[in-house]
Amino acid sequence: METEFPSRERSPGRVRLRARNLKRGNKVKGVSLEVRAGEILALTGLVGAGRTETVRLLFGADIRDSGTIELDGRELNILHPKDAIEAGICLLTEDRKDQGLILGLSVRENFGLPNLKAFSNYGFIDRKKELGEFSNYVDSIGIKISDPNQLAGQLSGGNQQKIVLAKWLEKNAEILIFDEPTRGIDVGAKFEIYQWMNRLSDQGKGIIMISSELPEVLGMSDRIIVLKEGEVMGEVSNSPEVTQEQLMALAIGSRKE
């Protein structure tokens, strides 16, 4: 555990994101959660637990039946992903190939898509500025590409994930949601993603991580919420005493009061 996951100082601050009583059909049944500055909150549970469905409500990819979402004490009216992005909430989807990237476009174009406003003057895209900003992330994140015009579909899974991360970093998101952030990528790229998650939390960002891998949950998070069939079964503060067996007990239905 100590060698697989980078260590960091854990000192969560004020509440950044607060969601109360989120509901959507029979998929999300009254989920409430808080994310603090500098904190990594993990959502875990078995398949069908409602983890992805919950964060899709936070991101506006699905419309909630009821419930409220606040960022830094201000209630948000999120009806579309555009609303969430403008508010500073971004989602790195589990299915990056179909939902996180346009594989037929270049890596530079994928990076620029959510940031066109920042790279445009009078309706024209400043390609030099876009390329300059993208090049900075290629160096800082360690994206391995042959050329900025290389198609996103030609990259490895780890480098595709880094492209998705780069575009949201450029957007200066305050809340970053990582849905299965290391699925399908190699060990080296995993460690780099973990390092970036830690750096972002050190900057005061709030991070939500969905993971089915309990070692990853225990190795990276400050707090853990366990879901089952759209309901919160328990919440625990991560510590060396918390075990995979305890989390699994919650996931299969033993509610922790």
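Numbers below:
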read-out: Boolean, Lys117 is touching a residue at least 12 places away in the same chain (Cβ under 8 Å) and of a type in the set (Lys, Arg); value: no
read-out: Hey, Phe59 farther than 26 Å from Ala152 by Cα, in contact (Cβ under 8 Å) with a residue 24 or more places away in the chain and aromatic (Phe, Trp, Tyr) or not; value: no
read-out: Residue in the range 208-216 that is more than 19 Å from Leu46 (Cα to Cα), surrounded by fewer than 18 Cβ atoms within 10 Å (Cβ to Cβ) and in contact with a strand residue (DSSP E or B) (Cβ under 9 Å, 6 or more places away or on another chain) present; value: no
read-out: Tabulated pairs, the range 91-112, first farther than 21 Å from Arg183 by Cβ, second at pLDDT below 85, C-beta under 7 angstrom, 6+ apart or interchain; value: Gly112/Phe119
read-out: Answer residue from the range 171-192, given it is of a type in the set (A, V, I, L, M) and under 11 Å from the mean Cα position of the chain (by Cα) and is surrounded by the most Cβ atoms within 10 Å (Cβ to Cβ) among those; value: Ile177
read-out: Residue in the range 86-105 that is more than 30 Å from Thr54 (Cα to Cα) and either basic (Lys, Arg) or within 16 Å of the chain's Cα centre (by Cα) (or both) present; value: no
read-out: Residue ID - surrounded by the fewest Cβ atoms within 10 Å (Cβ to Cβ), chosen from residues in the range 36-83 that are of a type in the set (A, V, I, L, M) and in a loop (DSSP other than H, G, I, E, B); value: Val47
read-out: Residues within the range 181-219 that are among the charged types (D, E, K, R), under 29 Å from Lys117 (Cβ atoms) and modelled with pLDDT of 90 or more, tallied; value: 3
read-out: Residue, farthest from Phe59 (Cα to Cα), within the range 1-22, restricted to residues that are assigned to a loop (DSSP other than H, G, I, E, B) and of a type in the set (S, T, N, Q); value: Thr3
read-out: Residues (closer than 23 Å to Lys190 by Cα and in a helix (DSSP H, G or I)) located in the range 110-148; value: Asn110, Phe111, Phe134, Ser135, Asn136, Tyr137, Val138, Asp139, Ser140, Ile141, Gly142
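The values are calculated or read from the model by the stated rules, or taken from the named source; none is laboratory data. Note that this is a predicted model, so its numbers are computed, not measured. Methodologically, a virtual Cβ is constructed for each residue, glycine included, from the backbone with ideal geometry; neighbour enumeration extends over all protein chains shown.
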